[in-house]
1. State, to one decimal in nm², a quarter of the convex hull surface area for the C-alpha atoms of the stretch 9-58, i.e. the direction-averaged projected area.
2. Could you compute the net charge surrounding residue 71? Neighbours are other residues with a C-beta less than 14 Å from the C-beta of residue 71; K and R count +1, D and E count -1.
3. Whats the longest run of the chain with zero trypsin sites (Lys or Arg not before Pro) that are DSSP loop and have at most 15 other Cβ atoms within 10 Å?
4. In whole percent, what relative contact order does the chain give with Cα contacts below 8 Å and a gap of six or more residues?
Amino acid sequence: MSDIPLPLEDIEFAQNPEPRCPVVLVLDRSGSMIGQPMEELNEGLRIFAEEIKQDTLAALRVEVAVVIFGPVRVLDVRGGAAQEIPADASQAFITANEFEPPDIKLGGDTPMGEAVETALALLRDRKEIYKANGVDYFRPWMFLVTDGAPNPGSNWMEAAEHVKQEESRKGVIFYGVGVQRANLKNLACFSDQRPPVRLKGLAFRDLFQWLSKSLSAVAQSKPGDQVALPPVNWGSIDTST
């Protein structure tokens, strides 16, 4: 018998062969999120972790990664300390039953395009890992939450086009969420299929409860099935500002 240890993902998928639904939370921590917005965002993440773990099937099927921006960082979601890790799909994702919400600290500017490109790369690489290990998977999700506009002169329009292309190939489901005075016209550039949603006040708890319920509904289905999601009661669709 060989003494060569198996790669971690081989062990992971052998222990849990359930199909996977990868989700990347792309979260704005720029300076304008100071005070209550950042506090409510962190509390929403804690509620998301608690609720999705209550669904035993979703806890095994949903995989979570967290990308923050201002500057862009991929966070370790195994320990809750918000430590930076490499942008490596074999490290960034963890099944929801082991997800520990990071305590996100305030940052600086808004490099939204770079953050989205990082998230797209993680999702593409994660799907390749599933394929290599014979694991079935649901369409990945990207959930972008921001309270501002992208850095001027950045590559955010190019990133937005890449998201739309990936969504047209059914390679990702994108949700854009604007907080407070976020520019929803910019967010609308990321998807032709789903208009951005403006969060009602600081209803991060309601937002992440909805996300947990939505992912639970997906996890109860089969890959490729059409799934009815709960109504969006935490925000309003408005692209006029």
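No value in this document is a laboratory result; all are computed from the given coordinates. None of these values were measured; they are calculated from a predicted model. Virtual Cβ from ideal backbone geometry, glycine too; neighbours counted across all protein chains shown.
1. 4.7 nm²
2. Computed value for this residue: -2.
3. 1-77
4. Relative contact order for the chain comes out at 23 percent.
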